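Colleague: Take a look at this one; I'll ask things after.
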Amino acid sequence: MSRERQINIALVIVLLTVPLWAWIKDEPFTLTLCTRMAILALAGVGLNIALGLGGLVSFGHAVFFGLGGYTMGILASHAQTYSPLMESPFLIEGTKSMPIIWLIATAVSALVAFLIGALSLRTSGVYFIMITLAFGQMFYYFAISWPAYGGEDGLSIYVRNGFPGLNTLDPVQYMVLTYALLGIALWFFSRLANSSFGLTLNAARQSPGRVQAVGIRPFKVQLFAIVISAAITGLAGALFADLNRFVSPTMFSWQTSGEIMIFVILGGVGRLFGPVAGAALFVFLEHQLGGLSEFWHIYLGLILLGVVLFARGGIVGTLAESGLKRG
Amino acid sequence: MSLMLVFEQILNGIQFGVMLFLMAAGLTLVFGVMGLINLAHGSLYMIGAFAAAAVANATGSFLLALAASLGVAAAAGALVEFLVIRRLYNRDHLDQVLATFALILIFSEGTRWLFGSFPLYLDIPDYLKGAVILPGGLQYPLYRLTIILIGLLVAIALYLLIAKTKIGVRIRAGENDREMIAALGVDISKLYTAVFAIGAALAGLAGALVGAVQSVQVGMGEPVLILAFVVIVIGGIGSIKGAFIGALLVGLTEKLGSILLLALLSSFLEPAQAKSIAMMFSSMLIYILMAVVLVVKPSGLYGRRV
């Protein structure tokens, strides 16, 4: 068994034991923290496809996180006031059903990612980072100045949306749901990374010229990667909004893009469990340091700086390679 | 829409533009010479503003405050370059983005810890208060005119520094071929520290000048930072000329865009509807401008093909 696999298994055991312990001890707050971790990790798994496999440094994944959130917010707010989204040319009504919201959230994110990706992929390097950031800011300012759905104040939902057969207001049941989705996303990521598509994407990251020379357009592969990546992050956005029963333009902000990036890099870029380790550490630090000092961001900054400067490859990467000679 | 309003907004746009140029010049120099994306540039802007506010409160002199903003920001820049930034030159952009994002967190919370969460105020000195009457009868605040003047002077000074002086020659050589200039016996790491400190000082000056119009508070640097990035990306990263043109473009779009959009929409929509749509899109205009420029010219107006 490889070192990385051992680490992954250890991580899974810890992340399953903590909520189990919290459930037995009846500590709903810890369960909520675990749910938050799973959702943020899911957003990271999405970004990891573009960033880790494709080498596409998107500084605008908050767009998709926010779109997922607003899809949920808009559909649910119409459902709770019994007013249709639109009546002509055909009737669209709001909904409180999670599966439908998830489907629409991923579809909307994927569609927008297709447009943003097609434009952004004309550039590369720093320009790619900056153009994705610009699209993020566009959506952020649009959400702030669009009065129909709360504008700057955001949008509250009174009751969490429903999932057939589950009581989603029960912290344990909602947590299990998010864990299950995270599990599916991880399985999908590992399949994707080893598929011919994943290998091509990896090749296009390392040597676009050679990929082109064997007759594959890197553009197509990379665009498809951005679309899948965005769909998963969009799903995470919808779940995150449902966890808080609240959406606001903050979900679109560039700090959100930065944080999703932090999960991936803190954990290990391109590693299967990188985003999970990163999100778990982030939520843990936020909770532990946030209780110690109101200036906990200083410590987060120092840890982040330490990881970038001295632990290249993130937590999973560093642990998996310690003791081995670096190739 | 009166012509006077347009004229006033053009001046506001130029004032905002030269301010952005002070920020963007440092960013684009650092990227051009060292190949580094520095998100923490906004923190240096904030540090300059805080230094100016603290010195102005202690001494009452605005000129001393400006000098302090230059000095403290340059010192902070040199220190950060020495401790952290120089380890990032050979890393990929992802590492640079993340490490400098971490620096923002440290600087912002550190400043909050030192000065508290409440904003500080920096007053415009008496001799710069009031308005001047421009040809055509427009009354315009003297302080804003002064900002435009300072910005233009800095732009000229920077041009002369880069085009005419020995350090300018070295900076340009460093942009083209860093191994060669190191082989010729120039201490490249000192040069890098100097370039970083110059950029930091300009950001600090911008922070102090704007701090006298707005309040001085933690987090004031980030919105400006993002606009400065938009500027250098539009202009072409590494190009000072591009940064200047880009800064004016962004400044004018920000200040003129909303009234022009409103005028355009009012010509075929009801006033209330036109106003709400113009409000919605005017804050997005700059980013739309940037996206259009990049789609048409993927490395900016004056950038080298990457």
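The values are calculated or read from the model by the stated rules, or taken from the named source; none is laboratory data. Note that this is a predicted model, so its numbers are computed, not measured. Cβ placement follows ideal geometry from the backbone for every residue including glycine, while neighbour counts extend to all protein chains displayed. We work out accessible area using only protein heavy atoms, side chains counted, and drop any ligands, DNA or RNA first. Shrake-Rupley method; radii C 1.70, N 1.55, O 1.52, S 1.80 Å.
Colleague: Quick one: if the Förster radius is 45 Å, what FRET efficiency do residue B:113 and residue B:180 give, using the C-beta to C-beta distance and rounding to 0.05?
Modeller: 0.50
Colleague: Hydropathy at least 0.5 by Kyte-Doolittle, axial extent at least 27 angstrom from the Cα trace: which helices of chain A, defined as entire DSSP H runs, fit?
Modeller: Span-like helices here: A:3-24, A:28-48, A:62-81, A:98-120, A:126-145, A:171-194, A:218-244.
Colleague: Give me the three principal axis extents of segment A:160-275 from the C-alpha atoms, as integers in angstrom, largest value leading.
Modeller: The Cα atoms of segment A:160-275 stretch 54, 31, 24 Å along the principal axes, largest first.
Colleague: Starting from 0 in steps of 20 Å, tell me what percent of the Cα-Cα pairs of the protein assembly as shown lands in each bin.
Modeller: With a bin width of 20 Å, the distribution comes to 18, 51, 28, 3, 0.
Colleague: Would you mind giving the mean number of other chain beta-carbons within 10 Å of the Cβ of each residue in A:135-144, as a whole number?
Modeller: 5
Colleague: What range in chain A is the longest one free of chymotrypsin sites (Phe, Trp or Tyr not before Pro) that are in a loop by DSSP and have at most 10 other Cβ atoms within 10 angstrom?
Modeller: It runs A:159-327.
Colleague: When only the heavy atoms of the protein chains count and the probe is 1.4 Å, how do B:284, B:279 rank by accessible area, highest first?
Modeller: Result of the area sort, largest leading: B:279, B:284.
Colleague: Under 5 Å between amide H atoms, partner at least 5 residues away or on a different chain: which partners does residue B:36 have, H built in plane at 1.01 Å?
Modeller: HN-HN under 5 Å from residue B:36: B:31.
Colleague: Go ahead and run the numbers for FRET between residue A:107 and residue A:310, Cβ-Cβ distance against an R0 of 60 Å, rounding to 0.05.
Modeller: 0.90
Colleague: Can you tell me which of A:66, A:209, A:150 moves the most in a GNM of chain A? Springs connect C-alpha atoms under 10 Å apart.
Modeller: A:209
Colleague: While we're here: Say R0 is 30 Å: what FRET efficiency, to the nearest 0.05, do residue B:157 and residue B:57 get from their beta-carbon distance?
Modeller: With R0 = 30 Å, the Cβ-Cβ based efficiency is 0.55.
Colleague: Rounded to the nearest 20 debye, what is the charge dipole size of segment A:17-251 about its Cα centre when +1 sits on each Lys and Arg Cβ and -1 on each Asp and Glu Cβ?
Modeller: 880 debye
Colleague: Just tell me, in residue order, which DSSP H segments of chain B are both 20 angstrom or longer along the helix axis (alpha-carbon based) and at least 0.0 in mean Kyte-Doolittle hydropathy.
Modeller: Span-like helices here: B:3-34, B:41-59, B:62-83, B:93-115, B:142-164, B:188-211, B:221-235, B:240-266.
Colleague: Starting from the amide H of residue A:56, placed 1.01 Å from N in the peptide plane, find each other amide H under 5 Å away whose residue is 5 or more places distant or on another chain.
Modeller: A:51
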